[in-house]
1. Order these peptides, 85-95, 107-117, 59-69, by their mean beta-carbon neighbour count within 10 angstrom, highest first.
2. In nm, to one decimal, how far is the SER87 label point from the VAL113 one, both placed 7 Å along Cα→Cβ?
3. Say R0 is 35 Å: what FRET efficiency, to the nearest 0.05, do LYS63 and GLU31 get from their beta-carbon distance?
4. Defining a contact as two alpha carbons under 8 Å apart and six or more residues distant in sequence, what relative contact order in percent does region 27-137 show?
5. THR39 label point, 7 Å along Cα→Cβ, cut-off 13 Å on backbone N: hits in region 49-69?
6. LYS127: which aspartates and glutamates have alpha carbons under 13 Å from its alpha carbon, excluding same-chain residues fewer than 8 sequence positions away?
7. With only Lys, Arg, Asp and Glu charged, each at its Cβ (+1 for the first two, -1 for the last two), find how big the charge dipole of region 41-138 is about the Cα centre; round to the nearest 20 debye.
Amino acid sequence: MKKMKQTLLCALLAITVLLAGCGKRQAETPEKIRDLELTVVAEEKLPEELLAAITEKKAAPFKFTFQDSGYLYICIGYGEQESGGYSITVEDLYLTENAIYVKTCLIGPGADVPDDGVKSYPYIVIKTEYLDYSVVFD
């Protein structure tokens with residue numbers, strides 16, 4: 001009986017170790033070199049080509065970049081929402097040795113905003129200096 005308990009305990013321990021190894025590992029966050037200055041660009045100030053691309057993509061979530069006149073535009077859309085009243089915040093925009101990192105957050109309408117039933121397509125366009133790095137969307 002004692003040997004059976006030991007075998008069962010060893011089997012449970014082995015399963016636990018195997019399952020622990022299957023979890024998603026947290027990637028190390030690269031070291032920030034510096035924060036990047038940014039401007040959130042209003043729709044009426046967007047380059048025409050960029051506005052056309054956003055209009056075409058806005059029904060589904062999107063993430064892309066656009067370069068124009070020495071600036072980098074980082075575009076993030078959250079797709080179709082059932083009502084208006086959404087806002088988007090930029091939580092982080094910084095440069096690392098290998099990439100530009102951007103993190104945004106979609107904030108839903110407050111309880112005091114009436115649901116008018118009109119669909120919306122929240123997106124944000126961040127304008128920053130052009131740097132020849134990939135953009136990592138978080």
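Since every read-out is calculated from the coordinates, none of them should be taken as a lab result. Note that the coordinates shown come from a computational prediction; the quantities given were computed from them, not determined experimentally. We place every Cβ from the backbone using ideal geometry, glycine too, and count neighbours over all the protein chains shown.
1. On the way: 85-95: 14.7, 107-117: 10.2, 59-69: 13.1.
Descending packing order for the listed peptides: 85-95, 59-69, 107-117.
2. Modelled inter-label distance: 0.9 nm.
3. Step by step, r from the Cβ atoms, then E = 0.90.
4. Numbers: 209 pairs, mean separation 38.9, N = 111.
Computed value for region 27-137: 35 percent relative contact order.
5. Within reach of a label on THR39, which here means backbone N under 13 Å from a point 7 Å along Cα→Cβ, region 49-69 contributes 68-69.
6. GLU37, GLU43, ASP68
7. 100 debye
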